[in-house]
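Reading through the structure tokens given below for one structure.
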Amino acid sequence: MIFSAGAALLDAIVLAVVSKEPEGTYGYKITQDVRQVIELSESTLYPVLRRLQKDDCLEVYDMECGGRNRRYYKVTARGWAQLQLYEGEWRQYSDKITGLFEGRTGL
């Protein structure tokens with residue numbers, strides 16, 4: 001993709017991906033799911049996860065998997081509210097850009 005994703009868009013995408021798993025999901029799976037829509041390295045993902053955790057949008061817990069601990073991320077109440085805000089903003093933004101491409105006026 002030739003368009004770069006800013007911090008807010010990355011936050012929105014990660015929250016959307018994590019929100020699909022009611023009990024939470026782990027970093028590698030988040031990376032794989034995000035890569036279905038944008039190219040993202042794990043070195044980019046983990047700072048996003050830490051920022052969302054620091055902002056109380058994600059809670060973190062560890063669970064044993066195959067004899068090792070795996071870190072899981074789950075959307076908090078604040079994270080759900082932030083995700084709804086992002087979704088509304090995205091729809092408005094996307095509609096305006098689509099309108100420009102389609103030649104609609106009065107945006």
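The values are calculated or read from the model by the stated rules, or taken from the named source; none is laboratory data. All values reported here derive from a predicted model rather than from experimental measurement. Every residue, glycine as well, gets a Cβ built from its backbone with ideal geometry; the counts of neighbours run over all protein chains shown.
I'd like the residue in the stretch 81-107 that is in contact with a helix residue (DSSP H, G or I) (Cβ under 6 Å, 6 or more places away or on another chain) and either farther than 19 Å from residue 47 by Cα or aromatic (Phe, Trp, Tyr) (or both) and, out of all such residues, is surrounded by the fewest Cβ atoms within 10 Å (Cβ to Cβ).
The first filter runs over the stretch 81-107 and keeps only residues in contact with a helix residue (DSSP H, G or I) (Cβ under 6 Å, 6 or more places away or on another chain), leaving 83, 86, 107.
Next, only the ones that are either farther than 19 Å from residue 47 by Cα or aromatic (Phe, Trp, Tyr) (or both) stay: 86, 107.
Values: 86: 17, 107: 9.
Residue satisfying both the conditions and the ranking: 107.
Can you say whether residue 60 is more than 20 Å from residue 6 (Cα to Cα) and touching a residue at least 60 places away in the same chain (Cβ under 8 Å), as far as the supplied structure shows? Walk me through it before giving the result.
Numbers: more than 20 Å from residue 6 (Cα to Cα): yes; touching a residue at least 60 places away in the same chain (Cβ under 8 Å): no.
Answer is no for this residue.
Give 10, 83 a once-over and let me know the one that is at pLDDT below 95 and out of contact with any Phe, Trp or Tyr (no Cβ under 9 Å at 6 or more places or on another chain). Full working, then the answer.
Values: 83 fails: at pLDDT below 95.
Unique residue meeting the criteria: 10.
Residue by residue, here is whether (1) within 13 Å of residue 72 (Cα to Cα); (2) under 11 Å from the mean Cα position of the chain (by Cα) holds:
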residue	(1), (2)
8	no, yes
23	yes, no
32	no, no
39	no, no
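Pull out all pairs, ordered by first then second residue, where Cβ-Cβ is under 8 Å, the residues are six or more apart or on different chains, the first lies in the stretch 84-104 and is closer than 24 Å to residue 20 by Cβ, and the second is part of a helix (DSSP H, G or I) and of a type outside the set (A, V, I, L, M).
86/11
Would you point out which residue out of 68, 50, 78 is surrounded by fewer than 14 Cβ atoms within 10 Å (Cβ to Cβ) and at pLDDT 95 or above? So that I can check it myself, show each step before the final result.
Values: 68 fails: at pLDDT 95 or above; 78 fails: surrounded by fewer than 14 Cβ atoms within 10 Å (Cβ to Cβ).
Exactly one of 68, 50, 78 is surrounded by fewer than 14 Cβ atoms within 10 Å (Cβ to Cβ) and at pLDDT 95 or above, namely 50.
Kindly provide the set of residues from the stretch 22-37 that are surrounded by 15 or more Cβ atoms within 10 Å (Cβ to Cβ) and in contact (Cβ under 8 Å) with a residue 40 or more places away in the chain, ordered by number. Outline the logic, then answer.
Going through the stretch 22-37, the residues surrounded by 15 or more Cβ atoms within 10 Å (Cβ to Cβ) turn out to be 24-27, 29-31, 33-34.
Of everything in the stretch 22-37, those that are surrounded by 15 or more Cβ atoms within 10 Å (Cβ to Cβ) and in contact (Cβ under 8 Å) with a residue 40 or more places away in the chain turn out to be 24, 25, 26, 27, 30.
If residue 82 meets every condition in (1) of a type in the set (S, T, N, Q); (2) under 11 Å from the mean Cα position of the chain (by Cα); (3) outside any helix (DSSP H, G or I) apart from one, which number is that one?
(3)
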